[in-house]
Amino acid sequence: MAGTKTKATERTVADFISSVDHPVRRADAEALVPLFERISGEPATMWGPSIIGFGRYHYRYDSGHEGDMCRIGFSPRAAQLVFYIDSPASDALMERLGKHKRGKACLYVNKLADVNVAVLEQMIRAAWDDMAERYPA
C-alpha cells in the first residue's frame, strides 16, 4: 500500500511564502496565516511542499489506509488560492462568499479581494469546529 505523500515538513512557512512568485498570492498568504492561527489557536506548519496547515488529525479509512493531515489549511498555488476547509456548515455561506469555485473538498479563490473575508472567516471557523467534532484531539 502506498504511503501518505502529504506530511508535515520542517520547512518554515515564512520561507515558503517568500518563495511564492505571484505577488498577490504571496500577500494573500501573508494575510491568511494570522487569520487561520487566530481561529485554530495553532501555529502554521508546512504540509508537503505547498500546503500551509493548522492543527493535525489522524484518519483511518475502511481500506486500512491511515495517516495524519492538517485539520484546516490553504495553499497559494500559481493559478489560485486553494482552501482546505470542507464543512457542511459552509454550504449555506457560499452564496455570500463572492467569486469562487468549489472542488470535491476544496475551495478555489483567485484572490482575497474577490471574496467577503468575514464570510471566509466563518467558513474557516466552521471547518475547524467540524474537524474538532469528527476527530477529537
If Asp62 satisfies all but one of (1) surrounded by 13 or more Cβ atoms within 10 Å (Cβ to Cβ); (2) part of a loop (DSSP other than H, G, I, E, B); (3) modelled with pLDDT under 95; (4) among the charged types (D, E, K, R), what's the number of the condition it fails? (1)
Filtering the stretch 83-103 down to residues that are part of a helix (DSSP H, G or I) and in contact (Cβ under 8 Å) with a residue 24 or more places away in the chain, which residue is surrounded by the fewest Cβ atoms within 10 Å (Cβ to Cβ)? Pro88
Name the residue that is nearest to Arg134 (Cα to Cα), counting only residues in the stretch 65-82 that are in contact with a helix residue (DSSP H, G or I) (Cβ under 8 Å, 6 or more places away or on another chain) and surrounded by 20 or more Cβ atoms within 10 Å (Cβ to Cβ). Arg71
Do the conditions hold for Glu42, that is, is it at pLDDT 95 or above and outside any loop (DSSP other than H, G, I, E, B)? no
Output the qualifying pairs, or none if there are none: Cβ atoms under 7 angstrom, residues six or more apart or on different chains, first residue in the stretch 23-34 and buried (at least 18 other Cβ atoms within 10 Å of the Cβ), second residue of a type outside the set (A, V, I, L, M, F, W, C). Arg25/Pro76; Asp28/Pro76; Asp28/Lys111; Ala29/Pro76
Take the stretch 40-59 and flag every residue that is surrounded by fewer than 19 Cβ atoms within 10 Å (Cβ to Cβ) and either touching a residue at least 12 places away in the same chain (Cβ under 8 Å) or closer than 19 Å to Ser87 by Cα (or both). Gly41, Glu42, Gly48, Pro49, Ser50, Arg56, Tyr57, His58, Tyr59
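The values are calculated or read from the model by the stated rules, or taken from the named source; none is laboratory data. Please read these numbers as outputs of a predicted model, since none were measured by experiment. Don't worry about glycine lacking a Cβ; one is built from the backbone with ideal geometry, like all the others, and counts go over all protein chains shown.
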